[in-house]
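The values are calculated or read from the model by the stated rules, or taken from the named source; none is laboratory data. Values in this document were obtained by computation on a predicted structure and should not be read as measured data. Don't worry about glycine lacking a Cβ; one is built from the backbone with ideal geometry, like all the others, and counts go over all protein chains shown. In case anyone asks, the SASA skips ligands and DNA or RNA and just uses the protein heavy atoms, side chains included. Shrake-Rupley method; radii C 1.70, N 1.55, O 1.52, S 1.80 Å.
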Amino acid sequence: QVQLVESGGGLVQAGGSLRLSCAASGRTFNIYHLGWFRQVPGKEREFVADIKWSGGSTEYADSVKGRFTISRDNAKNTVYLQMNSLKAEDTAVYYCAGGYYSYTIGAPTYDYWGQGTQVTVSS
């Protein structure tokens with residue numbers, strides 16, 4: 001089992017910045033990737049960004065490219081989401097997720113989820 005704990009959410013004005021952290025613990029030795037999702041009430045959870053634990057390659061949703069940066073600290077088993085130039089539409093609960101590579105389906109999966117942290121951007 002892997003436990004994921006997010007922190008760093010809060011209230012910020014439009015144009016401001018926040019940094020989210022996600023600390024992973026437990027059986028993390030073969031984690032393939034960690035990522036961030038977000039969800040607004042009444043809407044589906046959407047992908048924000050992802051980083052491979054080995055190698056560090058990243059992916060971003062088009063809506064956050066150029067504004068958000070995902071990074072990792074392997075020694076601390078922590079992944080970060082630096083969010084700059086925040087907009088009101090970035091307001092959501094942000095979730096950290098992680099998992100393994102499934103050779104059965106030939107793709108990575110998200111097997112573990114954090115409890116979420118609220119980000120509110122005031123306009």
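Computed quantities for the displayed model
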quantity	calculated
Sites matching GluC sites (Glu not before Pro) across region 19-71 that sit in DSSP coil, with at most 13 neighbouring C-beta atoms within 10 Å	Glu44
Charge tally in the Cβ shell below 9 Å around Thr58, where Lys, Arg are +1 and Asp, Glu are -1, Thr58 excluded	-1
Most fluctuating residue given options Ala23, Ala61, Ala97, as computed from a GNM of the chain linking Cα atoms under 10 Å	Ala61
Selected from Leu34, Leu81, Leu11 as most flexible by GNM, with the chain as the system and alpha-carbon contacts under 10 Å	Leu11
Per residue, in Å², the accessible surface of the chain once ligands and nucleic acids are set aside, probe 1.4 Å	52
Mean shadow area of region 63-123, taken as a quarter of the surface of its Cα convex hull (nm²)	5.6
